[in-house]
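Notes follow the structure.
The values are calculated or read from the model by the stated rules, or taken from the named source; none is laboratory data. Here the structure is a predicted model, which is why all the values come from computation and not from measurement. Don't worry about glycine lacking a Cβ; one is built from the backbone with ideal geometry, like all the others, and counts go over all protein chains shown.
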Amino acid sequence: MLKDLDSQYVLPTYARQNVSFVSGKNALLTDSEGKEYIDFTSGIGVVSVGHGNERLSRAICDQVSRIIHISNLYLIAPQAACAKRIVEQSGYDMKCFFANSGAEANEGAIKIARKYGEVDGSVKRYKIITLEHSFHGRTITALKATGQEAMHNYFGPFPDGFVYASSIDEIEGLIDDHTVAVMIELVQGEGGVQPLDREKVQALAAMLKRRDILLMVDEVQTGIYRTGEFLASNLYNIEPDVITMAKGLGGGVPIGVVMTSKKDIFAPGDHGSTFGGNYLSTSAASAVLDILEEYKQSGELDKAFLYFEKALTKFYEAHTDLFTASVGFGMMRGLRAKDAATLAAVINNAREAGVMVLKAGRNTLRLLPPLTITKEEIDEGFARLEKAVAAL
Ligand SMILES: *Cc1c(COP(=O)(O)O)cnc(C)c1O
């Protein structure tokens, strides 16, 4: 049995559900028993253009049949092309560094901040302020940047210089002569789909600019049209100094990127990655960006967002006995369950009923469908969610 093989040879870092998927078509997945599911998770915001996307798989196959990887010691045409697409779609005057995951992209952001603090004054500025309930990744430094003390158990000692603010209002009071950057998610994902207030973020951005402190936005989950615009930073109408992306960028192929307006921050040798930005991952990302840019420009993406929002609102309003709020933007949505036990039961029943949903924070039902989800798939997914809550 697969479950036995997994538990015999794979370290048990995940509380895995006993189901394995064998095929997918957009937002529809089929498991090894032949049961079908509507996927409202997209592999935690990764499979942005759906499962089995033909245009993406053709682009990947075309590339891997020629070159998968050379190394960053040589010019890489798909990497340069992908960087151009990311920068142009963002609308920011920046340059990119490619990594392989969200945590690694954030490591790059932290290194940018640390070097910025070194070269720009007599006192070394090194402190980075992050928010409580944030999530920035699992490497030792990204974990320390993550403002959730419970996740820090066992793994110290950590690098110095991370300071946690309990809310955006508290950030300014925590700044001292050693502060070099503030790193935030505009909508906290893992922390429970918590959007920050737009006016407060704009005021924070202006204050940081005045004080020459970098604003670094972790868009690993919010980026690549997840919240409706290419970046949540576009939606919030701010100009960060550093932005990281990962999840939705490669459509499932591992890739992370950090981009910055501090274009001269790194010199050769300051940072690097063996796999980062290789032919495979950057040609996949460019195909994803092609697909989603067209989808956005044709108006289809906004139509899908509206349709999803309408279906979600209808579901929420019919079940205010179970849920206390509907939160989020675009296709990054949450319903606050009245308690953790209710949420666990809903998620379990949903799987039984053939729709996959996620948990975030303590009690939030999180929905991150593929951005290409169809109206029929949305209707079917919510019909199954209705069944799931009816069976409570
Ligand atoms: C998922 C996530 C990360 C970590 O990404 P990995 O690819 O798992 O390293 C970092 N920041 C945010 C906001 C995320 O949602």
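For residues that are more than 25 Å from Met332 (Cβ to Cβ) and of a type in the set (Asp, Glu), scanning just the stretch 11-47, find the one that is nearest to the chain's Cα centre (by Cα). Ranking the candidates gives Asp31 first. So which residues in the stretch 169-189 are within 16 Å of the ligand (Cβ to nearest atom) and either over 16 Å from His136 (Cα atoms) or modelled with pLDDT under 95 (or both), if there are any at all? Correct list: empty. For Ala105, the conditions (1) in contact with an Asp or Glu (Cβ under 9 Å, 6 or more places away or on another chain); (2) in a loop (DSSP other than H, G, I, E, B); (3) within 14 Å of the ligand (Cβ to nearest atom) are fulfilled apart from (2). For the stretch 47-75, a residue qualifies if it is crowded, with 21+ Cβ neighbours inside 10 Å and closer than 21 Å to Tyr37 by Cβ, and the qualifying residues are Val47, Ser48, Val49, Gly50, His51, Asn53, Leu56.
Taken together, the residues in the stretch 331-361 that are assigned to a loop (DSSP other than H, G, I, E, B) and surrounded by fewer than 23 Cβ atoms within 10 Å (Cβ to Cβ) amount to 4. Within the stretch 202-233, restricting attention to residues that are in contact with a helix residue (DSSP H, G or I) (Cβ under 7 Å, 6 or more places away or on another chain) and not in a loop (DSSP other than H, G, I, E, B), the residue that is farthest from the ligand (Cβ to nearest atom) is Met207. Just so you know, in the stretch 70-102 the residues that are assigned to a helix (DSSP H, G or I) and small (Gly, Ala, Ser) include one that is nearest to the ligand (Cβ to nearest atom), and it is Gly102.
Between Ala150, Ala165, which is at pLDDT below 95, surrounded by fewer than 22 Cβ atoms within 10 Å (Cβ to Cβ), away from the ligand (no atom under 15 Å from the Cβ) and farther than 19 Å from Ile44 by Cα?
Working: Ala165 fails: at pLDDT below 95.
Within the list Ala150, Ala165, the selection yields Ala150.
For the structure I just gave you, tell me whether Met245 is surrounded by 23 or more Cβ atoms within 10 Å (Cβ to Cβ), under 29 Å from Ala113 (Cα atoms) and touching a Leu at 6+ places or on another chain (Cβ under 8 Å).
Numbers: surrounded by 23 or more Cβ atoms within 10 Å (Cβ to Cβ): yes; under 29 Å from Ala113 (Cα atoms): yes; touching a Leu at 6+ places or on another chain (Cβ under 8 Å): yes.
Here the answer is yes, as Met245 does meet what is asked.
Filter the stretch 108-143 down to the residues that are closer than 23 Å to Pro195 by Cα and either among the acidic types (Asp, Glu) or away from the ligand (no atom under 13 Å from the Cβ) (or both) and list them by number. Within the stretch 108-143, Ile128, Ile129, Glu132 meet the criteria.
In the stretch 243-261 there is no residue matching the filter, namely being over 22 Å from Leu186 (Cα atoms), away from the ligand (no atom under 16 Å from the Cβ), more than 19 Å from the chain's Cα centre (by Cα) and in the same structural domain as Cys96 (by TED's automatic domain parsing).
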